[in-house]
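A short reminder: the numbers here are calculations on the coordinates, not readings from a lab. Keep in mind the model is a prediction, meaning the values are calculated, not measured. As a convention, Cβ positions derive from the backbone with ideal geometry for all residues, glycine included, and neighbour counts pool all protein chains shown.
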Amino acid sequence: MPAATETAITAGESSTSFVTTVVSFFAEGGPFMYIIFFVFLVGIAISLERFIYLNLVQTRNQAVWKKLFPLLSQGKFKAAMEEAKKSSSAIAKILSYGLSRSAYAARTDEIEMAMEEGLLETIPGLERRTHYIATFANIATLLGLLGTIMGLINAFTAVASADPAQKADLLSASISVAMNTTAFGLMAAIPLLLTFAYLQSKTNQLVDSMEMASVKFLNVFRQVQHAKAQKNKNDS
């Protein structure tokens, strides 16, 4: 038999053995395995939705900022305001608050407060549902522990009426099966916690970028106002 054929057969047998082991592990864990799996799927679904949403927000913010910053640097606030109104991005919403206030504000702190208002309205949308991921991770862990405890209770109850010669074997086998739920609960919780940490970091990064854009706009506004004041002073 050719070596390639033997390798393919060995790989197929290994794959079949792995699938059989996983199915056996899942089936022996009891009903709590299905609950943990459902919790894991819900957590993954939320994670995917948040990942897509946050990346979409980031892409839109970067695209709008590339258009707005040159206009702001040139002091074309009206043109920047019109451009910001065309966009549905988070950063455009925040800057539009500041730009609309800059038309009649006497002090820069009024503009800053207006953009802070826009930022406070934007942050809840970025953080929405992310905290559920950590909650589902904790629930998966607790369900795993609960499944193990229930399994141990059933094991000791069954062993109590068994033949003394078979008690040790029955107890060890029952404990091994009961521990499956704890293992599966941790297997579900660890990826969810890692995903939560990543999404939380991504959200903080977006908030920091919008705050940075607000500060840059304020600095540009001060420079433009100072230049106008100097020009008026020279003309007079």
Among trypsin sites (Lys or Arg not before Pro) in segment 64-97, those in a DSSP loop whose Cβ has at most 16 other Cβ atoms within 10 Å are 76
Once the other residues with Cβ under 12 Å from the Cβ of residue 211 are scored (Lys, Arg +1; Asp, Glu -1), what is the net sum? -2
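Just rank 129, 107, 60, fewest to most, by other beta-carbon atoms within 10 angstrom.
So the residues, fewest neighbours to most, are 107, 129, 60.
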Please arrange 131, 226 by counting, for each residue, the other beta carbons lying within 10 Å of its beta carbon, fewest first. 226, 131
